1. Give me a comma-separated list of calculated 3J(HN,Hα) values for region 51-61, in order, Karplus coefficients 6.51, -1.76, 1.60 applied at θ = phi - 60°, integers in Hz, x for any Gly or Pro.
2. Once you place label points 7 Å from the Cα toward the Cβ at Asn77 and Ala194, how far apart are they in nm?
3. Can you compute 3J(HN,Hα) from phi for each residue in region 172-183, using the Karplus curve 6.51 cos²θ - 1.76 cosθ + 1.60 with θ = phi - 60°, rounded to whole Hz and x for Gly and Pro?
4. Could you give me the ³J(HN,Hα) list for region 80-96, computed from phi with Karplus coefficients 6.51, -1.76, 1.60 and θ = phi - 60°, whole Hz, x at Gly and Pro?
5. Whose amide H sits under 5 Å from the amide H of Tyr157, counting only residues 5 or more places off or on another chain, with H placed in the peptide plane?
6. Which distance in nm do the two modelled labels at Phe183 and Asp171 give, with both placed 7 Å along the Cα-to-Cβ direction?
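None of the figures in this text is laboratory data; all of them are computed from the coordinates on show. Not measured: the values here are computed from a predicted model. Here the Cβ is made from the backbone with ideal geometry for all residues, glycine too, and neighbour counts use every protein chain on show.
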Amino acid sequence: MMPRTWMPKGRGYRQRRMPKTGWLLALLLAAPLLAALQLAGCAGKPTPYQPREKDSAEGYEEQRLQERVWRISFRANRYTHEEDVVDYLFLRSAELALENGFSHFEVETDYSRTQTESSGGARTGLSLGFGSGSRNGYWGMGFGFSPRGGNDYYVAYHLGMFIVRMMNAEDAAGRKNAYEAKFILQNMEAKKKAAQEKGK
């Protein structure tokens, strides 16, 4: 039978225990690490609703293909939701319709893609642990990194594209797939402002 460590207390004996401050100190040491990991996961910002500039690959751009036909695309980073990309395409379509004197538009082609890439090489795993015990009153905390083989796949970017045909009210009458530009613009305005604020 393994010997035990005892410390006297009056006539009897009591078993030695870990100091109460041990757990508190362990939590205090772990808090900064956990906070840093949480911040690292929230570091990226979604692509705001904006025109695509020459020095940036993100945002919307358009090209007029025919008198009433436009190609509109929106490229967004990995932190942007796919449904937001589609909403921004509708928003830009509505803006273009009104800017060019049309009241409605119809989406003739709807194309979207989520591009994924592989980081390759080894992956790194983080382990964090605590320990305590009554034998000799010990406690401890540790963390470490361990490489693991294999590939990590992640979203590189989102790309959406519309081919739209602009219409006036008479052309859109009776067409189920025609959208009223003013209605789309009114419903998307709040989302447009919120996306621009998030991107700052």
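1. x, 6, 8, 5, 8, 9, 9, 10, x, 9, 8
2. 2.0 nm
3. Along region 172-183, the couplings run 7, 4, x, 9, 5, 9, 8, 10, 7, 4, 5, 5 Hz.
4. 9, 6, 4, 5, 5, 4, 5, 4, 5, 5, 5, 4, 5, 4, 5, 4, 5
5. Here the answer is Gln115, since their amide H atoms fall under 5 Å of that of Tyr157.
6. 1.8 nm
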